[in-house]
Amino acid sequence: MLIKSFCRITNQSIVLDRARCPELEKLMMGNHVVEDLDRIFSFLKVDFPGYKNMDDYSKLGFITAELLMRHNGYDPSASKPDMGLFIYSRSGCLGADYNLVRVMEGLHADDQAYKRSIPNAVCSDIALRHNIQGEMEIFLSDGFIYEQFFRTCFGTLETEPSLNTLLAGYLECYGGYASSLLCLLTRSPEHPPMDYDLREERFCIDLLRIY
């Protein structure tokens, strides 16, 4: 299994295949996650009305996926039955859960709050936008555990012959902190197939440390 391409977003940076994106980074203030993401969304001119009702966590995942898929020339309207979607997260939709509690206690008005308190809502948004029709999962774990991530993705590609590509990675957005890493993973051409080796693991460690 190989990493074909990746997109990494933090509070201060946007990286596509190891190249910084200054045109997008200048839209980011660093400590205003919602405003930053909304400015990037407007700049990209994405036709997706549902974006305005997303929570911060879903917005971050949606924009990361949008940048990665555009960068690799995918047509959003084309059906992708051979692509799956896996996302790992520690906090998941905790921010949306907190917002829902405030609505239930009468401290905030939002008649759509309940829709965002579903952990895989972000997957639904991404899959709908890019017509991804393969297997879709979200995993809650204590941080981004590289080996678990790679072995889960490799096992999926091995047991689901209809899948050729996975849009997969890590997403965290809570309390003003934003961090996402989404990759396009493809099958290894080697026979027998390589699940992954230390190069991929070092790649993730270096990427999360540098950017």
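Remarks
- Of all residues making up segment 36-89, the number that are small (Gly, Ala, Ser), closer than 16 Å to Asn131 by Cα and crowded, with 22+ Cβ neighbours inside 10 Å: 3
- Filter result (in contact with a strand residue (DSSP E or B) (Cβ under 6 Å, 6 or more places away or on another chain) and part of a loop (DSSP other than H, G, I, E, B)) within segment 9-36: Asn11, Asp17, Cys21
- Looking only at segment 154-169, and only at residues there that are within 19 Å of the chain's Cα centre (by Cα) and modelled with pLDDT of 90 or more, the one that is farthest from Met83 (Cα to Cα): Gly169
- Single residue of segment 111-129 satisfying the filter (part of a loop (DSSP other than H, G, I, E, B) and modelled with pLDDT of 60 or more) that is farthest from Tyr74 (Cα to Cα): Asp111
- Condition met for Cys153 (buried (at least 20 other Cβ atoms within 10 Å of the Cβ) and part of a strand (DSSP E or B)): no
- Residue selected from segment 39-76 under the condition assigned to a loop (DSSP other than H, G, I, E, B) and of a type in the set (A, V, I, L, M), by the criterion modelled with the lowest pLDDT: Met54
- Any pair with Cβ under 6 angstrom, 6 or more apart, that starts in segment 27-45 at a residue that is basic (Lys, Arg) and ends at one that is not in a helix (DSSP H, G or I): Arg39/Leu27
- In this structure, Lys80 does not qualify as out of contact with any helix residue (DSSP H, G or I) (no Cβ under 6 Å at 6 or more places or on another chain) and modelled with pLDDT under 95.
- Near pairs, Cβ below 6 angstrom, 6+ apart or cross-chain, from segment 10-25 (among the acidic types (Asp, Glu)) to any residue that is crowded, with 18+ Cβ neighbours inside 10 Å: Glu25/Ile14
- For segment 1-23, the candidate set comprises residues that are touching a Phe, Trp or Tyr at 6+ places or on another chain (Cβ under 7 Å) and of a type in the set (A, V, I, L, M); within that set, the residue that is surrounded by the most Cβ atoms within 10 Å (Cβ to Cβ) is Met1.
- Only one entry in Gly134, Gly92 is at pLDDT below 80, out of contact with any Asp or Glu (no Cβ under 6 Å at 6 or more places or on another chain), closer than 30 Å to Thr156 by Cα and surrounded by 15 or more Cβ atoms within 10 Å (Cβ to Cβ), namely Gly92.
The values are calculated or read from the model by the stated rules, or taken from the named source; none is laboratory data. In this text, all values refer to a predicted model and were calculated from it rather than measured experimentally. Glycine also receives a Cβ, built like all others from the backbone with ideal geometry; neighbour counts cover every protein chain displayed.
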